[in-house]
Every structure is written in C-alpha cells, then in structure tokens.
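Below is one structure, written out as structure tokens; the observations come after it.
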Amino acid sequence: MAAPGLRLGAERLFAMPGVLELLSRSNSTSQAFAEVLRLPKQQLRKLLYPLQEVERFLAPDRRQDLHLRIFDPSPEDIARADNVFTATKGNRIDYVSSAVRIDHAPDLPRPEVCFIGRSNVGKSSLIKALFSLAPEVEVRVSKKPGHTKKMNFFKVGKHFTVVDMPGYGYRAPEDFVDMVETYLKERRNLKRTFLLVDSVVGIQKTDNIAIEMCEEFALPYVIVLTKIDKSSKGHLLKQVLQIQKFVNTKTQGCFPQLFPVSSVTFSGIHLLRSFIASVTGNLD
Ligand code: GDP
C-alpha cells in the first residue's frame, strides 16, 4: 500500500514536492509506472492528464464548460488500474472469440465495456495501447479501413471484458447497424460504451448513427478523442471545445468529460485504463 494521505488528484499532486518520488517508490506501484512517475512534470501531466494540459491554453472564461475533473483519479489509483491491465499468471488477459451476431457472443458474466467508432478512427490502435501491459494479446491493427468486421471479445482477468466493435462508415459491413444495435440494446452486462472520435476531423455525420443509438437506448457512453498527437495545440483546442459543446447541449447519456488519447505517445492511455477499471467496479 502507498503511504496514507497520498490519494491526490492531479493538481494537488503537482503542487506537492516529493510526492511523486514517494509514490514511485511505493510497493503498489509497478516498475513501469514508477518510471512514468519520474518523468519531468510537464511531460507527466501531458501523459497522464491530457485534457488538463489542453486547459492550460484556454482563456479562463472558456474553462467553465469543460468538465475537466469529474474523473480525477490519484496516481495511486492510476497505478492500481495499470495493475488490472497487466498480464500475470493470476491475471490472464486474452482474446476470447469473435462474433458477427449477438447470439454468437460468448457468455461472459463479468462487466463489459465496448469500443465503437468509424473505420480508421484508431480503434484497434487504442485497444492495442490499452493492452500494452499484456503484450501477448493479439489485436489486429489494419492499414486498410474497414478491417474489423466482427465483435472481438477480450477478457481482462476476472475483472471485465473489452469488446472491439466493427467500424462503421466507409466499407462498414452491411449488417453493421443490426449487429451493433442488437448488441447495445441487449447486452445486459454492458457497463460503458466508448465512442471514438478522430480529434483531427471531429464528429462526422456517420458518428450520429452511433450517438443516436446510445441516446435512444439511454446507454451511458463516453467520447474518446483519438490521435491527439496529430494536431497542433490550436487545432486540438478548437476540436475539444466544439465536441464539448456538442456533448453539453445535444446529449443526455454522454459522460461530460472527454478523454483525449494518443496511441502513439500514450497520452491519456493510463487515465482511460483507470476510467475503465472504475466503471467496471475495479477501483472501489
Ligand atoms: P481502426 O480502423 O479504427 O481500427 O483504426 P486503426 O487503429 O487501424 O488506425 C487507423 C490508422 O490511424 C492507422 O494507420 C494507425 O496507425 C493510425 N493511428 C491510430 N491511432 C493513432 C494515433 O494515436 N496517432 C497517430 N498519429 N496515428 C494513429
């Protein structure tokens, strides 16, 4: 266990000298995460809390609508979530099976989260990044759009299941809507849907199909902004503000906080792991 009193959110953490070093030496922190904690502050903030990094470049009167700290885990919780995502003998992380129809989906009793988004949005790359602590898990990353045409199920120990849904939009399978709609409507253990939006281009027309489904079935869902390493600071700010406005004014079931990520720099990946661990009851 980490020393008592170290459950800090991002800001308090950065304000307190020596805490990072203490946490990095704690027994509950993996070696890999201990190295992360030793990064220079600026780099660490960008890696762990990318939305707060974006906030720094916003005029103060624009900050109020950005729901930055609804989910603000301590580095200790982030370290715990990393442990959940780390494959060990006692925590097997495996691909389970694929299905084209819900009645072919494996019967897994654990809480489930699913990832949906347009083809080429970076879904396979993101799932691969989330599973980087389980290098034996094979997640196919395509160069061609429309590669993932089935629902792919991965189990994370005894904790939860991750489902990679087929991409929609260009070259989507014909029965995409039926497949995904039925899954979203009927999967009883589905705890959260992660809707991926490419931060370079923002919400596209085809994303409305997925958004409407989540809204219609009153599913709790979350918008994840992918490929944030590809945009300039200004472009990213603009996209974040636009998407945030959309979430604030046009959605009911969408989690107010956005999750920006890069599968190349790993920015936001630790935070997303923590959120998944949290919504599946693994950080209680
Ligand atoms: P999918 O069709 O949604 O599964 O998308 P992929 O994961 O196959 O990614 C589509 C393309 O975007 C590939 O060429 C990836 O290398 C690229 N890509 C995915 N994520 C990122 C990212 O975070 N940063 C950058 N720069 N490229 C990315």
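If one computes the Cα centroid of the range 43-83 and of the range 236-270, what distance in Å separates the two points? For the range 43-83 versus the range 236-270, the Cα centre distance is 11 Å. Of the chymotrypsin sites (Phe, Trp or Tyr not before Pro) in the range 12-114, the ones in a loop by DSSP (not H, G, I, E or B) with at most 15 other beta carbons within 10 Å are PHE57. The trypsin sites (Lys or Arg not before Pro) found in the range 10-77 that occupy coil by DSSP, while having at most 16 further C-beta atoms within 10 Å, are ARG25, ARG38, ARG56, ARG63, ARG69. Shown here: the range 227-284, whose C-alpha atoms stretch 37, 31, 11 Å along the first, second and third principal axes, sorted largest to smallest. Can you give the convex hull volume of the alpha carbon atoms of the chain per residue, in Å³? Expressed per residue, the convex hull around the Cα atoms of the chain is 127 Å³.
Please say if the range 56-124 is rounded, prolate or oblate, where rounded means a/c under 1.5 for a ≥ b ≥ c the square roots of the C-alpha gyration tensor eigenvalues, and otherwise the choice is prolate for a/b larger than b/c and oblate otherwise? Oblate, since a/c reaches 1.5 and b/c is not below a/b.
Cross-link partners of LYS155 among lysines, defined as those whose alpha carbon lies under 23 angstrom from its own and excluding same-chain residues fewer than eight positions apart: LYS89, LYS123, LYS128, LYS185, LYS191.
Placing +1 on the Cβ of every Lys and Arg and -1 on the Cβ of every Asp and Glu, with no other charges, gives the range 52-201 a dipole of roughly 280 debye about its Cα centre. When the chain is described by a simple charge dipole with +1 on each Lys and Arg Cβ and -1 on each Asp and Glu Cβ, the residue from GLN42, SER199, VAL84 located farthest towards its positive end is GLN42.
Computing the accessible area with a 1.4 Å probe over protein heavy atoms, can you report the carbon and sulfur percentage for the range 58-163? Carbon and sulfur: 47 percent of the exposed surface of the range 58-163.
When the trypsin sites (Lys or Arg not before Pro) in the range 230-284 are filtered for DSSP coil states and for at most 13 other beta-carbon atoms within 10 Å of their beta-carbon, no site remains. Placing dummy labels 7 Å off each Cα toward the beta-carbon, the span from LEU283 to HIS67 is 1.5 nm. In the range 206-252, the portion of solvent-accessible area held by carbon and sulfur atoms comes to 52 percent [1.4 Å probe, whole percent, DNA, RNA and ligands not counted]. The H on the amide N of ALA87, modeled in the peptide plane, is under 5 Å from the matching H of ALA134, each at least 5 residues off or on a different chain. For the range 222-261, the per residue solvent-accessible surface stands at 44 Å², with DNA, RNA and ligands left out and a 1.4 Å probe. Averaging the sequence gap over all C-alpha pairs within less than 8 Å and six or more residues apart, then dividing by the number of residues, gives the chain a relative contact order of 22 percent.
Taken about its Cα centre, the range 87-280 carries a charge dipole of roughly 580 debye when the Cβ of each Lys and Arg holds +1 and the Cβ of each Asp and Glu holds -1. Once the chain from LEU241 to SER132 is taken as fully extended at 0.36 nm per residue, the excess over their C-alpha distance is 36.2 nm.
Database remark: amide H of HIS67 closer than 5 angstrom to the amide H of LEU258 (H placed geometrically; neighbours at sequence offset of 5 or more, or on other chains; Pro and chain starts carry no H).
The values are calculated or read from the model by the stated rules, or taken from the named source; none is laboratory data. Note that this is a predicted model, so its numbers are computed, not measured. Note that each Cβ is placed from the backbone with ideal geometry, even for glycine, and that neighbours are counted across all protein chains shown. Accessible surface areas use protein heavy atoms only, side chains included; no ligands, DNA or RNA. Shrake-Rupley method; radii C 1.70, N 1.55, O 1.52, S 1.80 Å.
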